[in-house]
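Q: Sharing a structure here in structure tokens format.
Bear in mind that the values in this text are calculations on the coordinates, not laboratory data. Quick caveat: nothing in here was measured; it's all calculated off a predicted structure. Using ideal geometry, Cβ is built from the backbone for each residue, glycine included, and neighbour counts are taken over all protein chains shown.
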Amino acid sequence: MKLEQGARIIVEDWIHAQPEDVLHFITDETKLREAEAFEKAAQSCGAIPKVTVLPSQSIQAGETIAEMRRIMSYATVIIGATNYSFITTDAVGYALRRGARFLSLPLSCNDGRSLLEQDFLRMNPATAARLGRPMLRCLRRSDTVHITTKLGTDITFGIRGRNPGLFNGVTTRPGSCASASFEVYIPPEEDQTNGRVILDGSMGYIGLVERPLELGFENGCLTYIDHTPDGDRLRRFLESFGDPEMYCAAELGIGLNRLSQCRGASYIEDESAFGTFHIGFGRNLALGGNHNAAGHFDIVVHNPTILTGESVIMKNGASCAWF
């Protein structure tokens with residue numbers, strides 16, 4: 001897919017840009033081609049594009065974004081299009097409370113292609129919503145989520161009093177938040193994630209694991225990482241933040257994009273893939289949680305069986321028949 005076509009999908013099909021809308025595209029110096037394509041797509045709809053280019057090394061921790069929160073709130077739609085996601089920052093929450101819409105569009109890719117050139121963007125948002133709505137109903141009725149896999153994952157999340165949400169790219173209501181990652185998500189209770197995960201998919205920005213490794217969770221935190229080459233890479237990455245909250249399980253997500261594959265090329269594609277679940281670590285303020293960490297990071301696991309209360313919403317990575 002051409003980059004310009006991907007930009008039009010974002011502007012026309014996800015944002016539903018209208019004449020005179022102000023679309024604030026926040027990116028960094030590594031994504032100038034995407035910024036140009038976005039400007040053209042916005043102008044073709046009669047919308048007003050505003051582009052802010054930030055230093056790429058200043059994004060993940062969120063300080064630069066925090067300084068922009070008042071400026072961001074004046075836009076109709078804010079598009080977070082840096083390499084790293086900043087959907088979970090307090091600045092986004094501030095803008096949402098003042099009626100802006102936000103689309104998280106992290107452009108990080110490992111295969112030399114732009115995210116806007118990736119075919120998984122063609123997934124129909126309405127189809128993803130239909131897949132996700134039954135999951136939302138089950139999550140709302142349950143206090144816990146229990147996930148297992150044939151490789152040995154066996155983990156439980158407490159979700160009492162937590163509201164699930166659905167991302168399918170689309171943001172049309174004032175104060176609404178969307179993500180290029182098509183998923184159902186919920187922030188678990190802070191101290192109620194326990195068990196083990198056999199990680200066989202991807203490690204977000206780091207890429208695919210070469211062989212499955214074990215992770216252990218106690219009272220909401222990652223407490224054990226296998227001593228393997230991939231485990232060491234994960235350990236070094238988490239340590240680089242210098243923040244103990246980066247070990248907190250902050251999000252449970254279930255992928256809804258049937259065109260996505262967990263290839264390690266784009267973490268957004270990885271965590272969107274249907275038949276996977278992911279655990280997000282660190283900051284989760286904009287998702288409805290209470291962690292204000294130095295960043296946000298996800299791991300992706302294949303073929304889960306997901307039980308919410310009495311309902312099995314996925315079995316070995318496949319939707320149950322009644323879905």
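Q: For Phe274, Phe167, what's the fewest-to-most ordering of other Cβ within 10 Å of each Cβ?
A: Phe274, Phe167
Q: Within a Cβ distance under 15 Å of Thr172, other residues only, what is the Lys/Arg minus Asp/Glu net charge?
A: For residues surrounding Thr172, the net value is -1.
Q: Net charge near Val184: determine it from the other residues with C-beta under 15 Å of the C-beta of Val184, scoring Lys and Arg +1 and Asp and Glu -1.
A: Once positives and negatives cancel, what remains is +3.
Q: Still on this model: Top mean-square fluctuation among Met123, Met72, Met135, Gaussian network model of the chain, C-alpha springs under 10 Å?
A: Its mean-square fluctuation being the largest, the pick is Met123.
Q: Determine the dipole magnitude for the range 199-238: charges of +1 sit on the beta-carbon of Lys and Arg, -1 on that of Asp and Glu, nothing else is charged, the reference point is the Cα centre, and the result goes in debye to the nearest 20.
A: 180
Q: Another question, then. Between Asp90 and Arg70, what is the label-point separation in nm under the 7 Å Cα-to-beta-carbon projection?
A: Spacing of the two 7 Å Cα→Cβ label points: 1.6 nm.
Q: Another question about this same structure. Which of the lysines could a cross-linker bridge to Lys2, judged by Cα under 27 Å and excluding same-chain residues fewer than eight apart?
A: Of all the lysines, those that pass the test against Lys2 - Cα under 27 Å, at least 8 places apart if same chain - are Lys31, Lys40, Lys50.
Q: Another one. Please check the chain for the longest run free of GluC sites (Glu not before Pro) that are loop-located per DSSP (anything but H, G, I, E, B) and have at most 14 other Cβ atoms within 10 Å.
A: Within the chain, the longest run free of exposed GluC sites (Glu not before Pro) spans 30-209.
Q: Explain nothing, just the number: relative contact order of the range 3-117, from Cα pairs under 8 Å at least 6 residues apart, as a whole percent.
A: 29 percent.
Q: Can you list residues from other chains, or at least 5 along the same chain, whose modelled amide H is less than 5 Å from the amide H of Leu54?
A: Thr27, Asp28, Glu29
Q: Which angle between 0 and 90 degrees, to the nearest 10, do you get for helix 229-239 versus the longest principal axis of the chain when only C-alpha atoms count?
A: 60
Q: So what's the back-of-envelope 222 nm ellipticity for the chain, counting only DSSP H runs of four-plus at -39500 (n - 2.57) apiece and dividing by all residues, rounded to 500?
A: Taken over the chain, the calculation gives -6000 deg cm²/dmol.
Q: Taking square-rooted eigenvalues a ≥ b ≥ c of the alpha carbon gyration tensor, is the range 3-117 rounded, prolate or oblate, where a/c under 1.5 means rounded and, failing that, a/b exceeding b/c means prolate?
A: Note, shape of the range 3-117 comes out oblate.
Q: Once phi is turned into θ = phi - 60°, what whole-Hz ³J(HN,Hα) does the Karplus curve with 6.51, -1.76 and 1.60 give for every residue of the range 181-186, x standing for Gly and Pro?
A: 7, 7, 6, 9, 9, 7
Q: Same structure again: About its Cα centre, what dipole magnitude does the chain give when the only charges are +1 on Lys and Arg Cβ and -1 on Asp and Glu Cβ, stated in debye to the nearest 20?
A: 1000
Q: Normalised by the number of residues in the chain, what is the relative contact order in percent for Cα pairs under 8 Å and 6+ residues apart?
A: The normalised contact order for the chain reaches 16 percent.
Q: With each pseudo-label sitting 7 Å past Cα toward Cβ, what's the Arg33-His146 distance in nm, one decimal?
A: So the two model labels end up 4.9 nm from each other.
Q: Next up: When the dipole is taken about the Cα centre of the range 116-241, and only Lys, Arg (+1) and Asp, Glu (-1) are charged at their Cβ, what size is it in debye, to the nearest 20?
A: 760
Q: What does the charge count around Ala293 come to, taking other residues whose C-beta lies under 10 Å from its C-beta (Lys +1, Arg +1, Asp -1, Glu -1)?
A: -1
Q: Tell me the angle of helix 125-141 to the major Cα principal axis of the chain, expressed in degrees between 0 and 90 and rounded to the nearest ten.
A: So the inclination is approximately 40 degrees.
Q: Mind checking which lysines have their Cα closer than 22 Å to the Cα of Lys315? Skip sequence neighbours fewer than 8 apart in that chain.
A: Lys150
Q: Between (1) 34; (2) 27; (3) 15, which entry matches percent of Cα pairs over 35 Å apart as derived from the coordinates of this structure?
A: After the calculation, the listed value that fits is (3).
Q: Right, here's the next one. Over 20 Å apart: what share of the alpha carbon pairs of the range 68-188 falls there, rounded to a whole percent?
A: Tail of P(r) above 20 Å: 54 percent of Cα pairs.
Q: Within the chain, what percent of beta bridges assigned by DSSP are antiparallel, to the nearest 5?
A: Percentage antiparallel, nearest 5: 70.
Q: Here's another thing I want to ask about it. Tell me, how many Å apart are the Cα centres for the range 165-239 and for the range 8-59?
A: Cα centres, the range 165-239 to the range 8-59: 28 Å.
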